[in-house]
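Reading through the structure tokens given below for one structure.
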Amino acid sequence: MFKRRHVLSMRDFSREEIDSVLETAASLEPYAREKSTDLLSGKILALLFFEPSTRTRMSFETAMKRLGGKTINLGSAEASSIAKGESLADTVRVIGEYADALVIRHPKEGSARLAAEFSPVPVLNGGDGAGHHPTQTLLDLYTIKKESHLENLSVALVGDLKYGRTVHSLAYALALYGAEINLVSPPTLRMPEQIRTDLLGKGTRVSETSDLSEVINRVDVLYVTRIQRERFPDPLEYSKVARSYRITPENLTDVKDGLIIMHPLPRVDEISPAVDQTPHAVYFKQSFYGVPVRMALLKMILDGGQDGGLECGGEIRGTSKDRSKDRSGGWSG
Amino acid sequence: MTEKELKVKPIKNGTVIDHIAGGQALNVLKILGIGADADVSLSLLMNVDSKKLGKKDIVKVEDRELKEGEVNKIALIAPGATINIVRDYEVVDKYEVDLPDMIIGVIRCQNPSCISNTQEPIKSRVLVKGKNPVVLRCVYCEQPITENIADYLI
């Protein structure tokens, strides 16, 4: 199901496939801390980060090393051939020959899909601009499954729902599990209409508000996001919405006992540090779960399926000669 | 045709593209790559009355039979257009344009942050998610393209 497969967008995953990743992650979690394995001994993962990253880059690196593999780094884009004007297509063609898989983070949307067209090895999308971040979504789902429940879930997605890529992918994935999704954002940072329409089209129960108090006491999961300064073309627009929501212990007096509060981190001031001490805070565990989930993906892609033996479903597109052909079945202009 | 519409005489041989949404004839020529320097005789009727569309445009291309794959692209901006192949004043073939499932190198993504709008060695690719009204989705960034499609023709 997974061997030599690209991981580009949550749209490419069925519910069964997500379940198999989460199950594999659970089986690898003991090896994500303290212990290691040699499952991917001799394999190399290339990290191509064209944008800053702490958690995604380091947890991929940790995941690969815990599995006995090695990593190579692009380093800073300024110090590489990118600064000389090399295309992304050429970069992944070259580095794809050095490694067994690539992780890419790039500011342009669709960059991971482009990389997958040119790479001779599997590509994992580590975030493409305001587009997708599927490994974050998978670790979010793993966190919800472990710390709460995926069935009959009521979730509030809070903050920047317009530019925040994590909430877009997460909303699609939660729809596969029949979750009730409450969208909480300032009016200027609402979930894009297309995504809302897609969710409603799948029969998902969706509500929208700018007032967190309307939903906070009836949800199982509060998923809070940072309002990202770097996504705003206009600093004035950013300053208008920068401090729209702040979770404090006072907000949490009447919430459900089992409420969990998640955040993809880094946080700025959306969640008061005093909340860290409450049983609701799971965002640091969530960050750790990035390791077993990324271990699961790497194992399934590089070593085979869920049990290490599956071979089917490879999506790498053969030789570079094959890749130059028009595979679309459409027509050119 | 009424007498008033007979401003342009019928063509002997060639292609008549009928039922183009009013005002879109010039964009149809753009999609077909027929510019001012094209070596073909052309007639354009714009904003004529139409029972089906209210106002419609008609393009007549003389002595050239446009191929189906070539003209189907115009369904991007004129989804109900019909193609008539004319030989010796007789319509020998007639069909409605139909978009394929994917369109390559014809329309650029509306998203300025999309990798397909950079210098990478790729052609734009959009999936056709709806045909009338036309709804497209960029293969790369997955953003929908639904409005002002003519403005994004390459």
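The values are calculated or read from the model by the stated rules, or taken from the named source; none is laboratory data. Small disclaimer: the values here were computed from a predicted structure and weren't measured. Every residue, glycine among them, receives a Cβ derived from its backbone with ideal geometry; neighbour counts consider all protein chains shown.
What to note about this one:
- Whether a residue is buried (at least 18 other Cβ atoms within 10 Å of the Cβ) and hydrophobic (A, V, I, L, M, F, W, C) was assessed, and A:Val215 passes this test.
- Meets criteria (farther than 23 Å from B:Cys114 by Cβ, outside the structural domain of A:Ser244 (by TED's automatic domain parsing) and at pLDDT 95 or above) for A:Val215: no
- When residues of segment B:128-142 are limited to those that are more than 9 Å from chain A (Cβ to nearest Cβ) and of a type in the set (A, V, I, L, M), the one surrounded by the fewest Cβ atoms within 10 Å (Cβ to Cβ): B:Val135
- Cβ-Cβ under 6 Å pairs, at least 6 apart or on other chains, segment A:37-48 side β-branched (Val, Ile, Thr), far side not in a strand (DSSP E or B): A:Thr37/A:Tyr31; A:Thr37/A:Leu67; A:Thr37/A:Gly68; A:Ile44/A:Ala99; A:Ile44/A:Asp100
- Within segment A:1-31, the set of residues being part of a helix (DSSP H, G or I), touching a Pro at 6+ places or on another chain (Cβ under 7 Å) and within 20 Å of A:Arg165 (Cα to Cα) comprises A:Met10 only.
- Residue within segment A:79-87 that is more than 21 Å from A:Phe288 (Cα to Cα), in the same structural domain as A:Asp303 (by TED's automatic domain parsing), at pLDDT 95 or above and surrounded by fewer than 14 Cβ atoms within 10 Å (Cβ to Cβ) present: no
- Unmet requirement for B:Val61, which otherwise passes all of (1) within 14 Å of chain A (Cβ to nearest Cβ); (2) among the β-branched types (Val, Ile, Thr); (3) surrounded by 20 or more Cβ atoms within 10 Å (Cβ to Cβ): (1)
- Residues satisfying the stated conditions in segment A:172-196, i.e. within 14 Å of another protein chain (Cβ to nearest Cβ) and in a helix (DSSP H, G or I): A:Tyr172, A:Glu193, A:Gln194, A:Ile195, A:Arg196
- Within this structure, A:Glu34 fails the test of being surrounded by fewer than 20 Cβ atoms within 10 Å (Cβ to Cβ), of a type outside the set (Ser, Thr, Tyr), assigned to a loop (DSSP other than H, G, I, E, B) and within 14 Å of another protein chain (Cβ to nearest Cβ).
- Members of segment B:78-102 that are in a strand (DSSP E or B) and β-branched (Val, Ile, Thr): B:Thr82, B:Ile83, B:Ile85, B:Val86, B:Val91, B:Val92
- Restricting B:Leu99, B:Leu32, B:Leu66, B:Leu76 to those that are in contact (Cβ under 8 Å) with a residue 60 or more places away in the chain and within 25 Å of B:Arg125 (Cβ to Cβ) reduces the list to B:Leu76.
- When the residues of segment A:239-263 are filtered to those that are among the small types (Gly, Ala, Ser) and in contact (Cβ under 8 Å) with a residue 12 or more places away in the chain, the one that is nearest to A:Asp220 (Cα to Cα) is A:Gly258.
- Taken over segment B:30-53, the criterion of being surrounded by 15 or more Cβ atoms within 10 Å (Cβ to Cβ), part of a loop (DSSP other than H, G, I, E, B) and within 14 Å of another protein chain (Cβ to nearest Cβ) is satisfied by B:Ile34 alone.
- With respect to the conditions (1) free of Cβ contacts under 8 Å to residues at least 40 places away in the same chain; (2) not in a loop (DSSP other than H, G, I, E, B), B:Lys60 falls short on a single one, namely (1).
- Any hit, segment A:140-151, residues being at pLDDT below 95 and either within 14 Å of chain B (Cβ to nearest Cβ) or surrounded by 24 or more Cβ atoms within 10 Å (Cβ to Cβ) (or both): no
- From the options B:Gln119, B:Gln110, residue that is more than 10 Å from chain A (Cβ to nearest Cβ), out of contact with any Gly (no Cβ under 7 Å at 6 or more places or on another chain) and in a loop (DSSP other than H, G, I, E, B): B:Gln110
- Members of segment A:169-178 found to be surrounded by fewer than 24 Cβ atoms within 10 Å (Cβ to Cβ) and of a type outside the set (Ser, Thr, Tyr), listed by number: A:Ala173, A:Ala175, A:Leu176, A:Gly178
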